[in-house]
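The values are calculated or read from the model by the stated rules, or taken from the named source; none is laboratory data. Keep in mind it's a predicted model, so treat the numbers as computed, not measured. Please note: Cβ atoms are built from the backbone with ideal geometry, for glycine as well, and neighbour counts cover all protein chains shown. Accessible surface areas use protein heavy atoms only, side chains included; no ligands, DNA or RNA. Shrake-Rupley method; radii C 1.70, N 1.55, O 1.52, S 1.80 Å.
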2 protein chains.
Amino acid sequence: MALRARREARKLQALPAEVRRNILNAVADALLTRKDEIVQANQLDLANAAQDKVAGPLVKRLGLTDEKLATLVTGIRQLATLPDPLGNVKAKRELADGLELSLTTVPIGVLLIIFESRPDSLPQIASLALASSNGLLLKGGKEAYHSNTALHDVIGDAIEKGSEGLISKDIIGLVTSRGQVKDLLSLDDTIDLVIPRGSNALVSYIQENTKIPVLGHADGVCHVYIDASASEEAACRITVDAKTDYPSACNAMETLLLHADTVENGVALNVLQALRSAGVKCLGGPKAMKAGLSDVATQKTKHEYGDLTCLVEIVDSIDEAIDWIHENGSGHTEAIVCAPDSPAGEIFLQKVDAACVFCNTSTRFADGYRLGLGAEVGISTGRIHARGPVGVEGLLTTKWQLRSLSGESYLATDFAGADPKRTFTHKNLL
Amino acid sequence: MALRARREARKLQALPAEVRRNILNAVADALLTRKDEIVQANQLDLANAAQDKVAGPLVKRLGLTDEKLATLVTGIRQLATLPDPLGNVKAKRELADGLELSLTTVPIGVLLIIFESRPDSLPQIASLALASSNGLLLKGGKEAYHSNTALHDVIGDAIEKGSEGLISKDIIGLVTSRGQVKDLLSLDDTIDLVIPRGSNALVSYIQENTKIPVLGHADGVCHVYIDASASEEAACRITVDAKTDYPSACNAMETLLLHADTVENGVALNVLQALRSAGVKCLGGPKAMKAGLSDVATQKTKHEYGDLTCLVEIVDSIDEAIDWIHENGSGHTEAIVCAPDSPAGEIFLQKVDAACVFCNTSTRFADGYRLGLGAEVGISTGRIHARGPVGVEGLLTTKWQLRSLSGESYLATDFAGADPKRTFTHKNLL
């Protein structure tokens, strides 16, 4: 399956951008024309979930509504209008007279995406892979088995139709049994990147069981730091949004760091009141407990609650806040609230070492759609390749192409010795 | 040691580019002023190598001559004149009125470099890490113990002097005992990237024993394909250069693919004669044996000889050559020899999936210095992050910075609902 996906992906890459565009539009069309088939399959999954007494939020994620499908179709059509991501020249250099080097964008190869529950991930990821000419292996959750199978079938047919038979549906493989995951993780000579989208436990399991590079995030321990200069209104609004807009999201706030001055000037108390009014339970670190800011103490300084709970602690300076974040954060998203004219904002933006660092903005903006990347394959807290929300750019790599423009042969020995036949010019052309 | 390196690296990153430049120049100065100390330590290693009856080529690699030191110093001074690689804005976007996103370059964090024998790697890698504000842990070979210790000491003092005490020598740690490597490989929460520079066995061992991303190449199985349109002169010259210029290098040719027409028109015979005259043993694949091109058959189609031996095989078309390369190559460097006006060159450059793809040029150009990257930390055959020869660019990652320019607070909920308070503009500013 992986070899077939790679073969078809290499074929697609060699074809003009128009073919990829036609495929994307065919996928969008098919999601609408074959909507009934998809929704019917989804009903089966929902019925099984009801029988298995699956929890409400999970059922909500599992459901494929007309609205969700319409959003997907809009996104895929948008992707089809963007400039082709392949073959972009990132660097161009004359190495010597008549010898030209280019660094161009190419697909990574074959991606393995492992995702849980949400079947709407499937068309989103598939369209990003098709737009970038990557082969794809998809492993969905068993609770979405029927939905995923129907979506895979609809998309596969659309690929063959949109490419007028040039590309086979084998470019996207669907893996349905859990046992196959372990085998897939051993294919480090055929699969180039694994992207797990799911629980921390899933991501950790994958990182520990494969030599293939993994793109993703295990933890999302995000902080909001309230600077001494912050206004009460900004501090309350941003903190409540960051914690309560979607508490189980990886970009939700887990820890609130309050500058000691905000305890003096009353901002801290107002922020805590706003959080509590919004249903948030505020656990206290040692200093917060001493200052009487919370009723419940906790020792855990690095924890992803994923619900309406957070840790609150006091820091004496912005540097102490930054040190705390470096020690306890997961390098995902960190935000400061400060006065617009305070230097604290730029200090925080420069010094904090994380994928996303925000000033006077909720942590919830760390998301591919909000940052304007279009669709998102995931968020990476790794430091190599792609970092933060990852769109189609993160599914590309580069290739060095070196051309003799003069028609002559270029040898390493031509450039060697005391009186070389040729010399390097190393002139940047771009 | 890793934590200290990270702490110092974060400090260096926050300082102006001038400090990094001063440090690099101080390192270059110190390598000259303390030359005697370094050469003396190197003599000790050479004496031990002689006692242990180490082979000639290894001794040559171990030796630190005045000439090698002078080349290093020139390289480091060049690096100091280049534009600062940090803080470059790769993308800038208005997300909404008054809300601006930037994607800027930042250091990766802490690098672990494991290298064998050549002590001149140490100052080269150290200067690339300092230029990009990365913390560094270095593990050299035991045969270069005294040389590495002296170099580490000289560079450490220069860092403190060049930064006027702002940065401690702890930014670069030297690991001297072999037992520590296993412990280092388990520090996936502190070390961000491992770069092994050495044998295939070393690279494979590291890939199998760590969750930390590894940048490097295990195999260098490079091909030269002689197209039907190739001239005899170009075919002979490029092939001999690619195989014999430095046979143990990873970018040397291991397999020669001959288009069937070149067997008819005599080019193939001349290429083989030129190789044999240069001392190369040509093993034959099944088709080559049948055509009488070799005396010794081999079944191994994917093998890195690393000496004056190569595999020769016949292909019936450029597509067959490309398929062969995809099946048996290691994705390192692949070259075509063809007539300057033949479409084969561009077909090969586009279709071959490898880090480096060359037309009418020896495979030996796959090297950081020749490609104009300045110094090189290694060559990557991985497909994510950096691919091919890797210079200072490969030691960078990015950070998303999001700023409220209006001074107002931006909340995710502002953008939600049927009649949102704010709307996304997603306007690219760069």
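Give me, ordered by chain and number, the residues 5 or more places off A:A230 or on other chains with an amide H under 5 Å from its own placed amide H.
A:A339
Taking only protein heavy atoms into account and a 1.4 Å probe, give the accessible area per residue of chain B in Å².
With the other protein chains kept in place, chain B gives 40 Å² per residue.
Scale the Cα Rg of the protein assembly as shown by the rule-of-thumb value 2.2 N^0.38 Å and send over the ratio, two decimals.
Compactness ratio reported: 1.00.
Determine how many Å³ per residue the convex hull of the Cα atoms of segment B:1-72 encloses.
129 Å³
From largest accessible area down, sort A:S231, A:S342, B:S277, A:S147; use a 1.4 Å probe on the protein chains. Don't jump to the answer; show the numbers that get you there.
Values: A:S231 60, A:S342 25, B:S277 100, A:S147 0 Å².
So, going from the largest accessible area down, we get B:S277, A:S231, A:S342, A:S147.
Mind listing, in residue-number order, the residues in segment A:374-401 that have at least 40 Å² less accessible area with every protein chain present than in their own chain alone (1.4 Å probe)?
A:R383, A:I384, A:H385, A:R387, A:T397, A:K399, A:W400, A:Q401
With θ set to phi - 60°, apply the Karplus curve 6.51 cos²θ - 1.76 cosθ + 1.60 along segment B:242-255 and write out the HN-Hα couplings as whole Hz, x wherever there is a Gly or Pro.
5, 8, 9, 4, 6, x, 8, 6, 5, 9, 7, 5, 10, 9
Given a 1.4 Å probe and no ligands, DNA or RNA in the count, how much accessible surface is buried by B and A, both sides, to the nearest 100 Å²?
6200 Å²
State which entries of B:K11/B:K211; B:K139/B:K211; A:K92/B:K90; A:K169/B:K300; B:K53/B:K142; B:K211/B:K302 exceed 22 angstrom in Cα-Cα distance in the structure shown.
B:K11/B:K211; A:K169/B:K300; B:K211/B:K302
If you put a point 7 Å past Cα along the Cβ direction, how far is that point for B:K35 from the same point in each other copy, in nm, smallest first?
Nearest first, the other copies' label points are 7.9 nm away.
Nearest-to-axis residue of chain B, judged by Cβ, for the B-to-A rotation, with distance in whole Å?
In residue-and-Å form, the answer is B:H385, 2.
Measure out, as a whole number of angstrom, how far apart the alpha-carbon centroids of segment A:1-44 and segment B:67-133 sit.
About 40 Å separates the Cα centre of segment A:1-44 from the one of segment B:67-133.
Please report the spacing between the Cα centers of segment B:236-279 and segment B:346-403 in Å, no decimals.
25 Å
Which parts of segment B:87-113, residue by residue, lose 30 Å² or more of accessible area when the rest of the protein chains are there, as against the chain isolated (1.4 Å probe)?
Going by heavy-atom accessible area, the residues of segment B:87-113 that drop by at least 30 Å² are B:R93, B:I108.
With the label 7 angstrom out along Cα to Cβ, how close does A:E264 come to the same site in each of the other copies, in nm, nearest first?
Relative to the other copies, A:E264 has label-point distances of 9.1 nm.
Which of the peptides B:389-400, B:106-117, A:125-136, A:298-309 is most tightly packed, and how do the rest follow, going by the mean number of other Cβ atoms within 10 Å of each residue?
Numbers: B:389-400: 22.4, B:106-117: 24.6, A:125-136: 27.2, A:298-309: 15.1.
Sorting B:389-400, B:106-117, A:125-136, A:298-309 by mean packing, highest first, produces A:125-136, B:106-117, B:389-400, A:298-309.
Under the convention of a label 7 Å out along Cα→Cβ, give the distances in nm from A:N48 to the same position in every other copy, shortest first.
6.3
What's the whole-number percent of alpha carbon pairs in chain B lying beyond 33 angstrom?
Details: 42613 of 92235 pairs.
Cα-Cα pairs in chain B separated by more than 33 Å: 46 percent.
Of all the accessible heavy-atom surface of chain B, with the other protein chains kept in place and a 1.4 Å probe, what percent is carbon and sulfur?
Carbon and sulfur: 51 percent of the exposed surface of chain B.
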